[in-house]
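Everything on this sheet refers to the single structure shown next.
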Number of protein chains: 2
Amino acid sequence: MIIIKVGGGKNIRWDFIAQNLKIFTKKNPVVIIHGASTLRDTIGTQMNVPTQTFVSPSGISSVYTDKHALDIFLMAYAGIANKTIVACLLQHNIPAIGLTGVDGMLWQAKAKPDLFVKIGEKTRLIRNNLTGKVEKINTKLLLSLLKQKYVPVLTAPAITVTGTIVNTDNDWATAVTAGDLQIKQIVYLFEASGLLKNFNDPSSIISHVDKNALQDYLLYAHGRMKKKLLGAKEAFRRGVERIYFGDGRIENPIDSALSGRGTIIS
Amino acid sequence: MIIIKVGGGKNIRWDFIAQNLKIFTKKNPVVIIHGASTLRDTIGTQMNVPTQTFVSPSGISSVYTDKHALDIFLMAYAGIANKTIVACLLQHNIPAIGLTGVDGMLWQAKAKPDLFVKIGEKTRLIRNNLTGKVEKINTKLLLSLLKQKYVPVLTAPAITVTGTIVNTDNDWATAVTAGDLQIKQIVYLFEASGLLKNFNDPSSIISHVDKNALQDYLLYAHGRMKKKLLGAKEAFRRGVERIYFGDGRIENPIDSALSGRGTIIS
């Protein structure tokens, strides 16, 4: 069993991923987890609810999610992205079924507390941030779908134990999903050829990373890549053995990542 | 087993429905099907993609769905409405799981052909209308979820056999779902106290309708109610025995409809 985590960039080629999966899923049960950040930002701009981010005290950039932002999030992730991806897979005869972390309490999250953050020189209290951290998943539901040969296509948001929908870090959720399902391998596909030493040089791929030295590589990580590395770190802590970072814009992206053309963390 | 079909009006009280379902689902397996028409219209207006309707040669008003309209549809139905309803049910300890007709090819539809329609005095060819009619459902998937005690929460769109997402008539899909699952009873909840003799007089409820005389009642039907009656007619043709029309704005809406306070068609 393997998780394929696909980023939400606009150049991701789902047709290539589907073509690759068509053969791949015959031998390997697959769980897909996807983002939709570009689409969310686009819809947010169109609806005059621009994405607001802040930097947490630990230096990680996070999205602030109030009620309006959560609606935009649902439109992009659960609405357009999830169903378009499922349809693309179905077009390639892959029996896909799309679920968010809300459905059947698939991704159970703990709400994040109010938080003091620095905005420039000022400290501001972030309240009512509808965000949570996934703590456990509904393994029974996923295993039942996998047993019936479905390919689950999962995405944020998640849900708290009291039934509040919360935005959540997909990379962290990926780690928890892998851990709870005892999955040993994750393939990350995104808009880069792998983890790069020099962000502006696609050929500067770091081909292997020691999982115990992941912390050191946070230096090389730009933007969202930081969260991916933190997610990877958490995945190893939860029993994952091998993580592949590969290019989601090329043909046969999964085979390519598995054969080591991107970055292997082990 | 019973289907509860809930309309997409803005005054529907999902909190009341959930409170009622909390007790009701303990004894009866339930499939919920919901609309989101008001929300779709609101988002469409905000995003400058107003809902376009046309009247078919048989006199039925239909929504024209191009690519942009389908995106709005997905945002409203699959995105905000479905997940908000699922969360509301989860808050009442009802193990809800939200799916569209796309997921796992749940609602398999036949695409509608290009169509000549009258707009005023002119005849216009409607092309590329991403609309289809549900012909069969994935019963295996639904039965598996019901067996695991989930409450499936279903909504349009549907999907063609070649994997194209299509807008679809939820009321027709409800009839097909009932038929394929051999469900004998459907409760419709909407923003009226039942089928009314006089649209403007809420007390003019028609308390009983002979299922064989449904055609005659199309006279009394305004707007979307027409589609509900046609859906009901199709449901009877597929083996349903009793349909209840009731008010989705009141407390205990399901019990109320079942006890005959709205309209019973049998």
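Given points 7 Å out from each Cα along the Cα-Cβ axis, report the residue B:191 to residue A:53 separation in nanometres with one decimal.
4.0
For n ≥ 4 DSSP H runs only, could you compute -39500 (n - 2.57) per run for chain A, divide by its residues and tell me the 222 nm figure to the nearest 500?
Per the formula, -9000 deg cm²/dmol.
If the label for residue B:223 sits 7 angstrom from Cα along the Cα-to-Cβ line, what are its distances to the same label in every other copy, in nm to one decimal, shortest first?
4.4
Magnitude of the Cβ-charge dipole of the stretch B:191-266, K/R +1 and D/E -1, about the Cα centre, nearest 20 debye? Could the numbers behind the result be given before it?
Working: 12 positive and 9 negative charges, 71 e Å.
Charge dipole, the stretch B:191-266, about its Cα centre: 340 debye, nearest 20.
Scan the stretch A:102-182 for trypsin sites (Lys or Arg not before Pro) in coil per DSSP, keeping those whose Cβ has at most 13 other Cβ atoms within 10 Å, and list them by number. Please report the intermediate quantities before stating the final value.
On the way: sites: A:110, A:118, A:122, A:124, A:127, A:133, A:136, A:140, A:147, A:149; in loops: A:127, A:149.
Taking the stretch A:102-182 and a limit of 13 other Cβ atoms within 10 Å, the loop trypsin sites (Lys or Arg not before Pro) found are A:127, A:149.
Which listed residue (A:155, A:220, A:168) has the Cα farthest towards the positive end of the charge dipole for the stretch A:117-266, taking +1 on Lys and Arg C-beta and -1 on Asp and Glu C-beta about the Cα centre?
Projecting each Cα onto the dipole axis, the largest value belongs to A:168.
Give, in whole angstrom and from largest to smallest, the semi-axes √(5λ) of the equivalent ellipsoid of the stretch B:191-266, with λ running over the eigenvalues of the Cα gyration tensor.
Working: eigenvalues 66, 47, 21 Å².
Three semi-axes, in Å: 18, 15, 10.
Quick one: what are the phi-derived ³J(HN,Hα) couplings along the stretch A:216-222, Karplus 6.51/-1.76/1.60 with θ = phi - 60°, whole Hz, x for glycine and proline?
Computed from phi, the couplings for the stretch A:216-222 are 5, 7, 4, 4, 7, 7, 9 Hz.
Run through the other copies and list how far each one's label point is from that of residue A:26, in nm with one decimal, shortest first; the point sits 7 Å from Cα along Cα-Cβ.
Result for residue A:26, in nm, nearest copy first: 5.1.
Taking only Cα atoms and a 10 Å spring cutoff, compute GNM fluctuations for chain A and point out the largest among A:159, A:80, A:94.
A:80
Using the 2.2 N^0.38 Å rule of thumb for compact globular proteins, work out how the stretch B:86-180 stacks up: its C-alpha Rg over that value, please. All intermediate terms of the calculation are to be shown ahead of the outcome.
Working: Rg = 16.2 Å, N = 95, 2.2 N^0.38 = 12.4 Å.
Taking N as the residue count of the stretch B:86-180, the ratio is 1.30.
Through the Karplus equation 6.51 cos²θ - 1.76 cosθ + 1.60, θ set to phi - 60°, convert the phi angles of the stretch A:105-112 into ³J(HN,Hα) values in whole Hz; use x for Gly and Pro.
6, 5, 10, 8, 10, 9, 4, 7
Going by how many other Cβ atoms sit within 10 Å of their own, how do A:47, A:105 line up, fewest first?
Values: A:47 16, A:105 23.
Going from sparsest to densest Cβ surroundings: A:47, A:105.
What average number of partner chain Cβ atoms lie no more than 10 Å from the Cβ of the residues making up B:102-112? All intermediate terms of the calculation are to be shown ahead of the outcome.
Details: counts 10, 14, 11, 6, 1, 0, 0, 0, 0, 0, 0.
Counting other chains' Cβ atoms within 10 Å and averaging over B:102-112 gives 4.
For the stretch A:2-265, what's the radius of gyration and Dmax over Cα atoms, in angstrom?
Cα radius of gyration and Dmax of the stretch A:2-265 are 17.6, 55 Å respectively.
What per residue convex hull volume, in Å³, comes out for the stretch A:119-164 when only alpha-carbon positions are used? Don't skip to the end; give the middle numbers.
Numbers: hull volume 4.8 nm³, N = 46.
Considering the Cα atoms of the stretch A:119-164, their hull volume per residue is 105 Å³.
Write out the trypsin sites (Lys or Arg not before Pro) in the stretch A:155-215 meeting two conditions: DSSP loop, and at most 13 other Cβ atoms within 10 Å of their Cβ.
Numbers: sites: A:184, A:197, A:211; in loops: A:184, A:197.
Answer by residue number: A:197.
Applying 1/(1 + (r/R0)^6) with R0 = 35 Å to the Cβ-Cβ distance of residue A:121 and residue B:10, what FRET efficiency is obtained, to the nearest 0.05? Each step should come with its number before you reach the end.
Working: r = 44 Å, r/R0 = 1.26.
E(calc), rounded to 0.05, equals 0.20.
Using θ = phi - 60° and the Karplus curve 6.51 cos²θ - 1.76 cosθ + 1.60, what whole-Hz ³J(HN,Hα) does each residue of the stretch B:226-234 get, with Gly and Pro shown as x?
4, 5, 5, 5, 5, x, 4, 4, 5
Considering only DSSP beta bridges whose two residues both sit in the stretch B:8-183, what percent are antiparallel, to the nearest 5? Could you put the intermediate results ahead of the total?
Values: 17 of 28 bridges.
Roughly 60 percent of the DSSP beta bridges within the stretch B:8-183 come out antiparallel.
Averaged over every viewing direction, what's the projected area of the C-alpha convex hull for the stretch A:16-113? Give it in nm², one decimal, please.
Working: hull surface 32.8 nm².
If I average the Cα hull's projected area over directions, I get 8.2 nm².
Across peptide A:145-154, what mean number of C-beta atoms from other chains lies inside 10 Å of a residue's C-beta?
On the way: counts 4, 0, 1, 4, 0, 4, 1, 2, 1, 0.
Counting other chains' Cβ atoms within 10 Å and averaging over A:145-154 gives 2.
So what's the projected area for the protein assembly as shown, the Cα convex hull averaged over all directions, in nm²?
Numbers: hull surface 100.8 nm².
Projected over every direction and averaged, the Cα hull of the protein assembly as shown covers 25.2 nm².
Let me have the relative contact order for chain B, percent, based on Cα pairs under 8 Å that are six or more residues apart.
On the way: 579 pairs, mean separation 60.1, N = 266.
Reported relative contact order: 23 percent.
Taking the label point as lying 7 angstrom from Cα along the Cα-to-Cβ axis, what are the distances from residue B:255 to the corresponding position in the remaining copies, in ascending order and in nanometres?
Distances between equivalent label points, in nm: 6.1.
Starting from the Cα of residue A:22, step 7 Å toward the Cβ, then list every residue of the stretch A:231-263 with an amide N under 17 Å from that point.
Once the point is set 7 Å along Cα→Cβ of residue A:22, A:250-256 turn out to lie under 17 Å by backbone N, inside the stretch A:231-263.
Values in this text are rule-based calculations from the coordinates and carry no lab data. Model, not experiment: these values are computed from the prediction. As a convention, Cβ positions derive from the backbone with ideal geometry for all residues, glycine included, and neighbour counts pool all protein chains shown.
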